[in-house]
1. Pick out which of 161, 54, 40 has the largest mean-square fluctuation in a Gaussian network model of the chain, springs linking Cα atoms closer than 10 Å.
2. Packing-wise, with mean Cβ within 10 Å as the measure, how do 125-131, 70-76 rank, highest first?
3. Which entry is the computed Rg and Dmax of the Cα atoms in Å for this structure: (1) 21.1, 63; (2) 26.3, 106; (3) 21.2, 68?
4. Which whole-number value in Å² is the accessible area per residue of the chain, probe 1.4 Å?
5. With 21 Å as the limit, write out which pairs from 48/117; 156/188; 48/98; 234/393 have Cα-Cα distances beyond it, or answer none.
6. Using helices alone, what [θ] at 222 nm do you get for the chain, with -39,500 (n - 2.57) per DSSP H run of 4 or more residues, divided over all residues and rounded to the nearest 500?
7. Determine, for each peptide in 252-258, 348-354, the mean count of other beta carbons within 10 angstrom over its residues, then list the peptides with the highest first.
8. Between 0 and 90 degrees, rounded to the nearest ten: what's the tilt of helix 8-17 against the longest Cα principal axis of the chain?
Amino acid sequence: MRPNHINRRHMLSAALAAPALLGVRARAAGTIQMISHRYPALELFAEKMRGAIPGVTVNTQLMPFDKAMELATIALSAKSDTPDIVYANDTMVRTFVKNGWFRPLDDLWAKYKDEFKLADFPDAVLEPYRIDGRLYVMPHAVNAMMFFYRKDVLDKAGKAPPKTITEFRDLAKSLNTPMRAGTISCLKPIDAAMNEAHWYLNALGDGWFDKDWHPVFNNARGVAAIETLKEVTKYAQQGFTAAANDECMIALQQDTAAMGLQWATRAKAMDDPAKSRVVNEIDWVAPPQGHARIAGDGYAISALSKQDPDTLFRIIATSASQATIREAAPLIIPPRKSVLDDPEISKANRFYPAALASYESGTRAPALPEFNAIGEFVTRRILQGVTGEQTVKQSLDTAAAETETFLKGHGYYK
């Protein structure tokens, strides 16, 4: 992502939404600024950051993923020394490291390894956050897209969870009613639509790119994959083109959809009696045919921050301590081995078997720093195909041409 790949509308909306991020003068003396995506586990981690060090004030700003990434991009590309602590996933980290916005953590990791029991993080969990041998993010959660379904509804219909996407499509059609959609679909640009398209393109197609980063999502298999997505959306909830994770989670909780793809971090919310009408009625399996997206969430230190890096690291490490990850275990796939391997925790969280199976069968997003930036136009083209504004082939061919032009301008294809 180019630092200037944000238009004037984005700049204005971001400035109005979070002025503290855009200027040093807005910072209260000594206050540490954190910006983050929001879901239940991240809210808990933010709470732990606020109380991590007595006398140190941490201002935590949480919001949907796309807005959090936009605001962090604007602040850091403007060379602001806020925010200090930044949420990052395994694709976002590549963008921000390429732009020089994240500080390597290796020296601090070694310094505090014993105090915070950092050897408890397996190498497989750390590897997505290592670039050129240097670690940039402390993991807080491992995540996988699972297949959520209403067990009671399927049992009543005499149906088993689908094992193929074709079976899923047919089941969505048969379960679709005016009162309850056959499936959720989460196609709000950018992140949610990329997640859903990722499953279809990898399970039914050849993925996003070839080994030289040329698009393959518009080949015959890719077109067929998105045609299948288009057909499935006939049985989706209303407003699916503007639905992201929150909206899809609510559709399942409120009994307005029967099944669909959603993150493991949303599973426990299905059994929250204060918010869910379907307590103990949702069950989970790995997504049909596998290859749904797997990811991780964590926090990094801004390379532009003027705050003491030891203080920032201790705040992040406290929020990812063994005790905190144990407390967060019902809301995530734990990134610490000691927590994940605890049989009592596994027993208490009935979604764990499906979450681990989903993780094992899943596929990460391409290791391309520009992947999120490309998603800005690719998702909108996919929606043009899904909604019938263009044919699917026309929309994907256009997206592929735009992707080639974008990546060529960023030094690829030499």
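The values are calculated or read from the model by the stated rules, or taken from the named source; none is laboratory data. Given the structure is predicted, the values throughout are model-derived calculations rather than measurements. Please note: Cβ atoms are built from the backbone with ideal geometry, for glycine as well, and neighbour counts cover all protein chains shown. Calculation scope for accessible area: heavy atoms of the full protein, side chains included, ligands and nucleic acids excluded. Shrake-Rupley method; radii C 1.70, N 1.55, O 1.52, S 1.80 Å.
1. Between 161, 54, 40, it is 54 that shows the largest mean-square fluctuation.
2. 70-76, 125-131
3. For Rg and Dmax of the Cα atoms in Å, the calculated option is (1).
4. Accessible area per residue, the chain: 41 Å².
5. Numbers: 48/117 17 Å; 156/188 32 Å; 48/98 29 Å; 234/393 19 Å.
From the list (48/117; 156/188; 48/98; 234/393), the Cα-Cα distance tops 21 Å for 156/188; 48/98.
6. The per-residue figure over the chain is -12500 deg cm²/dmol.
7. 252-258, 348-354
8. Tilt of helix 8-17: around 70 degrees.
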